[in-house]
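Asker: A single structure is presented below for examination.
The values are calculated or read from the model by the stated rules, or taken from the named source; none is laboratory data. The structure presented is a predicted model; accordingly, all values stated were derived computationally and were not measured. Virtual Cβ from ideal backbone geometry, glycine too; neighbours counted across all protein chains shown. Note: accessible area is taken over every heavy atom of the protein model, side chains too, but ligands, DNA and RNA are not part of it. Shrake-Rupley method; radii C 1.70, N 1.55, O 1.52, S 1.80 Å.
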Amino acid sequence: MTTATRATGTPSAIATTAPAQRSTPAPAPSLPSLTGLRWIAALLVFGLHVNNFRYFDGTGGRIVSWAFGAGATGVSFFFVLSGFVLTWSARPGDRARPFWRRRIARVVPVHLVTAAIALLMAYTLEHQTKPTLRQGLANVLLVHSWWRPWWQTLDPVSWSLACEAFFYAAFPLLALLVRRLGARGATALAGLSVLAVLVVAWVDAQQWVSQPLDSLPAARLPEFVLGVAIARLVVLDRWRGPGLEASLALAIIGYFLVPQVATEYQATTCTVVGFALLIPAAAVADLRGLPSLWRGRRLVRLGELSFAFYMIHLLVLRAGTNVIGLKPRYGLAEGMAVTAVAFAVSLGLSWVLYETVEGPARRLLLRRRRPAVSSRARQTT
């Protein structure tokens, strides 16, 4: 969940007797607005959980419910954004194994640390559910979202990582196919993805499947594919959607429609189009140097912390129940104070995770190994 960049191909250097001196692909400009938007999505999820923990009563509770009752759609934003960023940053000629290695280095270290924290909390604090061995292993291996009784084990928000793991597994093949698409093909794929979201939502509403579809990785794949398709249009310089302001307005309208017309997975139908317009609009604004509210230095820094914040904040709220109890329902002033403390602790811990786990582990896992020197090379030196 870093600032999006894309590698673009450059002509190879003139052949020499030393093949290792060929030029490497140069990265395209970064897209800082997408990093800033990532923080807003994480903040929506935080607000949703504050609402679910019932920190507020009365007027305060109604305000928080109005503002963050649809916060679960922030995860849908993450899924669309993930497809977009992976396609934008895809390296020409990249193979599956290096890609998977980068994805593992990106998400697994923080996942393992927060899972360990959740396990420690389960055996030391009240109001915590102890996972079974199978549940714990499924969580660690990021397959727990495929079976509903397991999906909220250990760190509950990690269910979305299980979805992302499925997306990552499919992406190398998907990227190979999408690279062959022109603008018309990418537009058709985007339209089919939106249609698939609508169909899945309808199936979920009919309860034709034995478990709800909002956490099932296969059911969330269309959102990821949608991000892939719109990124392909931006790569081809054929994106023709509305500008950043209009896209933001449509995304906000869809967000506030959720409590009126949809629940659970069906909420995705209200926001998916707005998100699919907002993400490329922000990317194009960065590429063309147009004004963007989401490009500010502080917001981008918060966006860099957003993955760690997302992974730790619910554990902070759960731990807080041992101090303030379950669903305390405070007045407005007290609720704001408790929320501010929970937010500050979550943000502080996310900085610690980013600086001591996420960044160092990624550098360690992606460190290039020194190539072995052949016997012939040793003889000529």
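Asker: Name the residue, out of 237, 214, that is under 17 Å from the mean Cα position of the chain (by Cα) and more than 19 Å from residue 37 (Cα to Cα).
Answerer: On the way: 237 fails: under 17 Å from the mean Cα position of the chain (by Cα).
Of the residues listed, the single one that is under 17 Å from the mean Cα position of the chain (by Cα) and more than 19 Å from residue 37 (Cα to Cα) is 214.
Asker: When the residues of region 141-153 are narrowed to those that are buried (at least 20 other Cβ atoms within 10 Å of the Cβ) and touching a residue at least 40 places away in the same chain (Cβ under 8 Å), which ends up farthest from residue 100 (Cα to Cα)? Can you show your working first?
Answerer: From region 141-153, those buried (at least 20 other Cβ atoms within 10 Å of the Cβ) are 142, 144-145, 150-151, 153; that's our starting set.
Retained after the next criterion (residues that are touching a residue at least 40 places away in the same chain (Cβ under 8 Å)): 145, 151.
Working: 145: 20, 151: 23 Å.
Per the stated criteria, the residue is 151.
Asker: Right, next: Going residue by residue through region 97-104, is there one that turns out to be buried (at least 19 other Cβ atoms within 10 Å of the Cβ) and either under 30 Å from residue 174 (Cα atoms) or not basic (Lys, Arg) (or both)?
Answerer: Within region 97-104, the first condition is being buried (at least 19 other Cβ atoms within 10 Å of the Cβ), and the residues that meet it are none.
The answer is no; no qualifying residue exists.
Asker: While we're on this one: Only one residue in 92, 131, 109 is open to solvent by less than 40 Å² (accessible area, probe 1.4 Å), more than 29 Å from residue 274 (Cα to Cα) and not in a helix (DSSP H, G or I), so which one is that? Talk me through it step by step, then tell me what you get.
Answerer: On the way: 92 fails: open to solvent by less than 40 Å² (accessible area, probe 1.4 Å); 109 fails: not in a helix (DSSP H, G or I).
Being open to solvent by less than 40 Å² (accessible area, probe 1.4 Å), more than 29 Å from residue 274 (Cα to Cα) and not in a helix (DSSP H, G or I) holds for just one of 92, 131, 109, which is 131.
Asker: Residues 248, 257, 236: which one is without any contact (Cβ under 8 Å) to a residue 60 or more places away in the chain and in contact with a Cys (Cβ under 8 Å, 6 or more places away or on another chain)? Outline the logic, then answer.
Answerer: Numbers: 248 fails: in contact with a Cys (Cβ under 8 Å, 6 or more places away or on another chain); 236 fails: in contact with a Cys (Cβ under 8 Å, 6 or more places away or on another chain).
Exactly one residue qualifies, and that residue is 257.
Asker: Ok, one more. With the checklist (1) assigned to a loop (DSSP other than H, G, I, E, B); (2) open to solvent by 50 Å² or more (accessible area, probe 1.4 Å) in hand, flag the one item residue 328 doesn't pass.
Answerer: With respect to (1) assigned to a loop (DSSP other than H, G, I, E, B); (2) open to solvent by 50 Å² or more (accessible area, probe 1.4 Å), residue 328 is out only on (2).
Asker: Could you list, in sequence order, the residues of region 276-300 that are β-branched (Val, Ile, Thr) and more than 21 Å from residue 233 (Cα to Cα)? First the steps, then the outcome.
Answerer: We begin by selecting, within region 276-300, every residue β-branched (Val, Ile, Thr); these are 279, 284, 300.
Across region 276-300, the qualifying residue is only 300.
Asker: Which one is farthest from residue 269 (Cα to Cα) among residues in region 178-191 that are open to solvent by less than 30 Å² (accessible area, probe 1.4 Å) and over 23 Å from the mean Cα position of the chain (by Cα)? Walk me through how you get there before you give the answer.
Answerer: First, pick out the residues of region 178-191 that are open to solvent by less than 30 Å² (accessible area, probe 1.4 Å): 178, 183, 185-186, 190.
Now restrict to residues that are over 23 Å from the mean Cα position of the chain (by Cα): 183, 185.
Numbers: 183: 24, 185: 23 Å.
This residue is 183.
Asker: Considering only region 294-303, state which residues are surrounded by fewer than 23 Cβ atoms within 10 Å (Cβ to Cβ) and in contact (Cβ under 8 Å) with a residue 24 or more places away in the chain. Talk me through it step by step, then tell me what you get.
Answerer: Looking only at region 294-303, we keep the residues that are surrounded by fewer than 23 Cβ atoms within 10 Å (Cβ to Cβ), and these are 295-302.
Of everything in region 294-303, those that are surrounded by fewer than 23 Cβ atoms within 10 Å (Cβ to Cβ) and in contact (Cβ under 8 Å) with a residue 24 or more places away in the chain turn out to be 295, 296, 299, 300, 302.
Asker: Can you find a residue in region 345-363 that is at pLDDT below 95, open to solvent by 60 Å² or more (accessible area, probe 1.4 Å) and farther than 28 Å from residue 55 by Cβ?
Answerer: Yes, region 345-363 has at least one match.
Asker: Hey, can you tell me all the residues within region 155-201 that are of a type in the set (Asp, Glu) and either in contact with a strand residue (DSSP E or B) (Cβ under 6 Å, 6 or more places away or on another chain) or in a helix (DSSP H, G or I) (or both)? First the steps, then the outcome.
Answerer: So the first thing to find is which residues in region 155-201 are of a type in the set (Asp, Glu), and the list is 155, 164.
Scanning region 155-201 gives a single hit, 164.
Asker: Applying the selection to region 192-208, what residues are open to solvent by less than 40 Å² (accessible area, probe 1.4 Å) and farther than 12 Å from residue 219 by Cβ?
Answerer: Quick first cut of region 192-208, residues open to solvent by less than 40 Å² (accessible area, probe 1.4 Å) only: 193-194, 196-197, 200-201, 203-204.
193, 194, listed by residue number.
Asker: Determine whether residue 338 is in a helix (DSSP H, G or I) and open to solvent by 50 Å² or more (accessible area, probe 1.4 Å).
Answerer: Numbers: in a helix (DSSP H, G or I): yes; open to solvent by 50 Å² or more (accessible area, probe 1.4 Å): no.
Judged against the criteria, residue 338 is not a match.
Asker: Search region 49-69 for residues being open to solvent by less than 40 Å² (accessible area, probe 1.4 Å) and of a type in the set (A, V, I, L, M), and hand back the single one that is farthest from the chain's Cα centre (by Cα).
Answerer: 64
Asker: Considering only region 268-292, state which residues are in contact with a Pro (Cβ under 9 Å, 6 or more places away or on another chain) and surrounded by fewer than 24 Cβ atoms within 10 Å (Cβ to Cβ).
Answerer: If the condition is that a residue be in contact with a Pro (Cβ under 9 Å, 6 or more places away or on another chain) and surrounded by fewer than 24 Cβ atoms within 10 Å (Cβ to Cβ), then 277, 285, 286, 287, 292 are the ones that fit.
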